[in-house]
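The values are calculated or read from the model by the stated rules, or taken from the named source; none is laboratory data. Keep in mind it's a predicted model, so treat the numbers as computed, not measured. Methodologically, a virtual Cβ is constructed for each residue, glycine included, from the backbone with ideal geometry; neighbour enumeration extends over all protein chains shown. With ligands, DNA and RNA removed, areas are computed over all heavy atoms of the protein, side chains included. Shrake-Rupley method; radii C 1.70, N 1.55, O 1.52, S 1.80 Å.
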Amino acid sequence: MPLTKLQHNNERQYKNTLLGISLMLISTLAFAGMHACIRLVSDTIHPFEAAFFRHLFGLLVLLPVFFRDGFAPLHTTNLSLHVARGTVQACQGLLAFLAITLAPLAKVTAVQFTAPLFTTLAAVLILKERLSVGRIITLFIGFSGVCIVIQPGIGRLDIGTTAALISAVFFAANIILVKILAEKESSITITIYQNVIATPIVLVIAIFYWSTPTIWDLFWLFLLGAFGTIAHICLAEACKVADVTALLPFDYMRLVWAGLIGYLLFFETPDHWTILGGTVIFACGLYLLYYERKSTKKADNLYGTNES
């Protein structure tokens, strides 16, 4: 293989990682917006009903795709995987929505960050991704930031915290299924099937807690679905172009967004532990960017910069 081609591949890998990280950050921001919408309707709409509308409106947001491409996005040879992912997403969404209405946003988000540890292990064992020293360091530094946030005040394992912990396990399974599907399917197809399969599953549960939403509720529920769809499209595309182990440290940014939204919209003042932990998480993301770029340059230097 020509040396210049090796250098080109290294540079392309770095650019793909950078693109994946950018998409992951957009995804985390959209997830935070979705969580804010859940809290805004929580006084009148049960979280299980909100989860139903999240998937229903999330599917409606994708209608322009059907007008443009017809039913082509529904073509798949991986229906069983889509069914598995839709079911996992339904369970994860129900538990996460319940947790968000019972505990502060920052705390719920922090507890859910046990997921990257499970996801990283599965990515290495199932997806055969490389687990470099830099990625290990950033993963555990980021997780230590989460521990800083939740360590001082958990006290007892309440319903909200328990729901958040269980949803984290489902989230880890969700990420792995997305990565597997992303190798063969488009991000749009993955997101469409997620909503098509999850919507009736969640409806069966939500119907027992149903209350008629107001026009204002429907507005926030539509935004909820839109944010959720954007988040999952960006997540699927990020998993398509970059390694999961490189993306996970940036998923910790959800904690930073959750803290800001909790403060600005719900007057949940972050304590010094949340601020310190958020700073650690942010620094961890910056270090990973530096490490990935340094690794690319090191690989180029290892093989030389000349063609001969």
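Against the condition at pLDDT 75 or above, out of contact with any Cys (no Cβ under 8 Å at 6 or more places or on another chain) and assigned to a loop (DSSP other than H, G, I, E, B), how does THR162 come out, does it pass? No.
Regarding segment 262-278, can at least one residue be identified that is modelled with pLDDT of 90 or more, open to solvent by 60 Å² or more (accessible area, probe 1.4 Å) and assigned to a helix (DSSP H, G or I)? Working first, answer last.
Initially, segment 262-278 is screened for residues modelled with pLDDT of 90 or more, giving none.
No, because not a single residue in segment 262-278 is modelled with pLDDT of 90 or more, open to solvent by 60 Å² or more (accessible area, probe 1.4 Å) and assigned to a helix (DSSP H, G or I).
Residues in segment 71-108 that are open to solvent by less than 30 Å² (accessible area, probe 1.4 Å) and aliphatic (A, V, I, L, M): VAL88, ALA90, LEU94, ALA96, ALA99, ILE100, ALA103, LEU105, ALA106, VAL108. For segment 188-202, does any single residue satisfy the condition of being farther than 24 Å from ILE175 by Cα and either in contact (Cβ under 8 Å) with a residue 40 or more places away in the chain or not aromatic (Phe, Trp, Tyr) (or both)? So far as segment 188-202 goes, no, none of its residues is farther than 24 Å from ILE175 by Cα and either in contact (Cβ under 8 Å) with a residue 40 or more places away in the chain or not aromatic (Phe, Trp, Tyr) (or both).
When THR212 is tested against the conditions (1) in a helix (DSSP H, G or I); (2) at pLDDT 80 or above, the lone failure is (1).
Look at (1) open to solvent by 20 Å² or more (accessible area, probe 1.4 Å); (2) at pLDDT 65 or above and you find that THR305 fails only one, number (2). PHE67 - would you say it is aromatic (Phe, Trp, Tyr), out of contact with any Cys (no Cβ under 8 Å at 6 or more places or on another chain), over 15 Å from TYR193 (Cβ atoms) and open to solvent by less than 40 Å² (accessible area, probe 1.4 Å)? Taking the combined requirement at face value, the residue does not satisfy it. Looking at SER22, SER27, which one is crowded, with 22+ Cβ neighbours inside 10 Å and modelled with pLDDT of 90 or more? Among SER22, SER27, only SER27 is crowded, with 22+ Cβ neighbours inside 10 Å and modelled with pLDDT of 90 or more.
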